[in-house]
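Since the structure comes first, as structure tokens, the remarks are kept for the end.
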Amino acid sequence: MTSSFGSSRRLEREAGRNVEVRWLLGRLAPDHKTIAEFRKDNGLALRKVCARFVELCRKMGLLATASVAIDGSKFKAVNNRDKNFTKAKVQRRRAQLEEGVARYLSQLDTADRQEPTEALAAKVTRLTEKLSKLKEEMAKLAVYEKQMLASPDQQISLTDPDSRSMATSGRGSGVVGYNVQVAVGDQAADCCDRSLRRTRLPALRTGLS
């Protein structure tokens, strides 16, 4: 059950809504910082508990003896990074837009103090048009932010709604796509299970069959 909620923030949310987690924690509701610190300070003990749990399940006959290999890969979506929004991205984009608005307003104030000419009038028109476009973008960003905050994981993608922003090995890099996970049994090397996280694309599912 907890394999689906690996991050500290996801575990924090589940501690407030998931009945099984609430029962296990005795109705405690730790925040993500407390969970992260506990995992960091008790890593060895947690690994031992997991190992003992697997051992207990084997003794009780709850686990099969067959081995299963599980691996995952990230598949890039059509959705580019500019069409994916998270809290951090919305904040950065809003700061950029507000900076642009302030810059154009300053240039318009400067133009108001100059002697009117045809060139100046054309410049004012261009600045006014750019300012209008920035205000339109800010209005759109407000709509995206509302949709993003209403989503379960506070993230939205405009082109491929089920795609999500995922970190890659490169520092500061990432990809908007899908996390495909496959489980293969050792008996006939066949695919015994697969999961295409955050998507319902039948073509990709068929390719894994």
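What follows draws every value from the coordinates through simple rules; no lab data is involved. Every value quoted in this text rests on a predicted model; they were computed, and no experiment measured them. Glycine also receives a Cβ, built like all others from the backbone with ideal geometry; neighbour counts cover every protein chain displayed.
The table that follows gives values for the structure above.
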item: Options Pro161, Asn179, Ala150, ranked by Cα towards positive dipole end of the stretch 98-182, top entry (Cβ charges); result: Asn179
item: Which of Glu98, Glu12 has the fewest Cβ neighbours within 10 Å, and the rest in rising order; result: Glu98, Glu12
item: Packing-based order for 150-163, 50-63, 15-28, using average beta carbon neighbours within 10 Å, highest first; result: 150-163, 15-28, 50-63
item: FRET efficiency, 1/(1 + (r/R0)^6) with R0 41 Å, evaluated for Ser169 and Lys146 via beta carbons; result: 0.80
item: Range of Cα positions in the stretch 81-153 per principal axis (Å), largest first; result: 55, 18, 14
item: Amide H contacts of Asp160 (H built 1.01 Å from N, under 5 Å, at least 5 apart or other chain); result: Asn79
item: q = 0.23 Å⁻¹, the stretch 1-114: log10 I(q)/I(0) [Debye, one scatterer per Cα]; result: -1.27
item: Size of charge dipole - the stretch 1-63 - debye, nearest 20, with Cβ of Lys, Arg +1 and Asp, Glu -1, no other charges; result: 100 debye
item: Using θ = phi - 60° and Karplus 6.51 cos²θ - 1.76 cosθ + 1.60, couplings along the stretch 97-107 (whole Hz; Gly, Pro as x); result: 5, 5, 5, x, 4, 4, 5, 5, 5, 5, 5
item: Alpha carbon convex hull of the stretch 1-63, projected area averaged over orientations, nm²; result: 4.7 nm²
item: Taking the stretch 1-143 and dividing mean pair separation by its residue count, relative contact order in percent (alpha carbons under 8 Å, at least six apart); result: 14 percent
